[in-house]
Amino acid sequence: MIDGYTRVCGLIGSPVEHTLSPVIHNLLARRLGDNLVYVPFHVPDGKEGDAINGAFALNLLGCNVTVPYKSRVIPYLDQIDQEAARIGAVNTLVRTENGFKGYNTDMPGLYRAMRQEGVGIEGEHVLILGAGGVARAVAVLMAEKGAERILILNRTLPKAQAIAEEVNALTGGRKACAALLTDYKREMGGNRFLAIQATSVGMFPHGKEAVIEEEAFYDRIHTGYDLIFNPAVTRFMQFTDLHGGKTYNGAKMLLFQGIIAYELWTGKTVSEQLAQEVYVKLMEGLAAPAAV
Ligand code: NAP
């Protein structure tokens, strides 16, 4: 029941039409008995500042932020969490007295997903495909959680180099390095890798594509973790599986980044049982074409 006490949270982005976040948050609100609704807000290019100020004026409890605004909203925030500042991107805004405080729940969301799925990071040779907003958060996470080496491969080399330099500066080492996607053979040496697929290649409706299609590459991957969740089995995962690697998709990351955001807004803790119930609902939502 929506009444005069209902609190509103929302998603700011462009596009937002196919988001699955309302499935997560509205189910959590119902199950936890919170008088809260979550709605998507399509924000036109250049209007992100107006959106943040308007959301605060309208007494919104919090927001998620998605492409292309994860970095662009930062100047309009009152505060930023230390970890989000290190990553340079926020995906969750929490109302405070004078404005919103920005957090990044993508990184802890991925970490929670990997722990639940039993994917270890410590001592691993990690390969990150892509150098966009999420790849930066993944690279910081891998460095902080004890990866032995982090190789970032991207179509545009300067973006991968910038992330490698930032990670090395943050962690005070030389663990991270960058190369062009096409140079993977030279860079991988004799190691086998935990590979995290953080490009948008292979996302619905382009499910037949993988960012690297050469089979030899997949012989060097012992675990292929695709951050894409639609389709549930990507071409990258199919190649990895064919070459004997374990595979995971981004659905659990999506689940946990949402749950951590909800916990920040409400101060409540979501149980493992409720998390599993939300996951099942997400899977049902994924049966229909969707994207975040
Ligand atoms: P982004 O900032 O737009 O970055 C996209 C990346 O994909 C860039 O590295 C880009 O390379 C690369 N790319 C795009 N088209 C390519 C092509 N044709 N060939 C080679 N590389 C290409 O996106 P993002 O926000 O980081 O998101 C990346 C992925 O993570 C998306 O698939 C998204 O769905 C997924 N994601 C999942 C979750 C989750 O909860 N599971 C959360 C957020 C994002 P260039 O730098 O050369 O352009």
If you project the alpha carbons of the stretch 102-244 onto their three principal axes, what span does each projection cover, largest first, in Å?
39, 35, 27
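What ranking of Cys63, Cys9 emerges when the number of other C-beta atoms within 10 Å of each C-beta is taken as an exposure proxy, fewest first? Mind dumping the intermediate values first?
Working: Cys63 30, Cys9 27.
In increasing order of surrounding Cβ atoms, one gets Cys9, Cys63.
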Taking the Cα centre of the stretch 1-151 as the origin and placing charges on Cβ (Lys, Arg +1; Asp, Glu -1), which of Leu110, Ala137, Ala89 is farthest toward the positive end of the dipole?
Leu110
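Taking the radius of gyration and the Kirkwood hydrodynamic radius from Cα positions alone, what is the Rg/Rh ratio for the stretch 1-138, to two decimal places? If you can, show how the numbers build up before the last one.
On the way: Rg = 16.1 Å, Rh = 16.2 Å.
With Rg and the Kirkwood Rh in hand, the quotient comes to 0.99.
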Mind counting lysine pairs for me in the stretch 124-236? Cα separation below 22 Å, and the two need to be 8 or more apart along the chain or on different chains.
4
Excluding residues fewer than 8 positions from Lys281 in its own chain, the lysines with Cα under 16 Å of it are Lys252
So if I take the alpha carbon set of the chain, get Rg, then get Rh from the Kirkwood formula, what is the Rg over Rh ratio?
0.97
Nitroxide proxy distance, nm - points 7 Å out along Cα→Cβ at Leu58 and Glu272
3.9
The stretch 216-267 pair-distance distribution - Cα-Cα, 10 Å bins, rounded %
27, 37, 21, 12, 3
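Does the stretch 173-221 come out rounded, prolate or oblate by the C-alpha gyration tensor, with a ≥ b ≥ c the root eigenvalues, rounded set by a/c under 1.5 and, if not, prolate when a/b is larger than b/c and oblate if not? Please list the in-between numbers first.
Working: a/c = 2.24, a/b = 1.64, b/c = 1.37.
Here the stretch 173-221 falls in the prolate category.
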By the gyration tensor of its Cα atoms, with a ≥ b ≥ c the square roots of the eigenvalues, what is the shape of the stretch 104-149: rounded for a/c under 1.5, prolate for a/b over b/c, or oblate?
oblate
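So what's the net charge close to Gln79: Lys and Arg +1, Asp and Glu -1, counting the other residues with Cβ under 14 Å from its Cβ? If you can, show how the numbers build up before the last one.
Details: positive: Arg95, Lys101; negative: Asp78, Asp81, Glu83, Glu97.
Around Gln79, the charge tally is -2.
Of the trypsin sites (Lys or Arg not before Pro) in the stretch 197-257, which ones lie in a loop per DSSP and count no more than 15 other C-beta atoms within 10 Å?
On the way: sites: Lys208, Arg220, Arg235, Lys246, Lys252; in loops: Lys208, Arg220.
Here the trypsin sites (Lys or Arg not before Pro) that fit, given the DSSP loop and packing criteria, are Lys208.
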Quick one: what are the phi-derived ³J(HN,Hα) couplings along the stretch 106-118, Karplus 6.51/-1.76/1.60 with θ = phi - 60°, whole Hz, x for glycine and proline?
4, 5, x, x, 5, 5, 4, 4, 5, 5, 5, 8, x
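Show me the three semi-axes of the equivalent ellipsoid for the stretch 42-99, from the C-alpha gyration tensor (sqrt of 5 times each eigenvalue), largest first, rounded to whole Å.
Semi-axes (√(5λ), whole Å): 16, 15, 9.
For Asp45 and Ile2, FRET efficiency with R0 = 25 Å and r from the beta-carbon atoms, rounded to 0.05? Don't jump to the answer; show the numbers that get you there.
Numbers: r = 30 Å, r/R0 = 1.22.
Given R0 = 25 Å and the Cβ-Cβ separation, E is 0.25.
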Relative contact order %, the stretch 41-199, counting alpha carbon pairs below 8 Å whose residues are six or more apart
18
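For the stretch 101-165, run through the GluC sites (Glu not before Pro) and keep only the ones in DSSP coil with at most 12 other Cβ atoms within 10 Å of their Cβ. Mind dumping the intermediate values first?
Numbers: sites: Glu117, Glu122, Glu124, Glu144, Glu148, Glu165; in loops: Glu122, Glu124, Glu148.
Those satisfying the criteria are Glu122.
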Return the calculated 222 nm mean residue ellipticity for the chain, to the nearest 500 deg cm²/dmol, obtained by summing -39500 (n - 2.57) across DSSP H runs with n ≥ 4 and dividing by the residue count.
-11500 deg cm²/dmol
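Where a number appears in this text, it was derived from the coordinates with a stated rule and is not lab data. In this text, all values refer to a predicted model and were calculated from it rather than measured experimentally. As a convention, Cβ positions derive from the backbone with ideal geometry for all residues, glycine included, and neighbour counts pool all protein chains shown.
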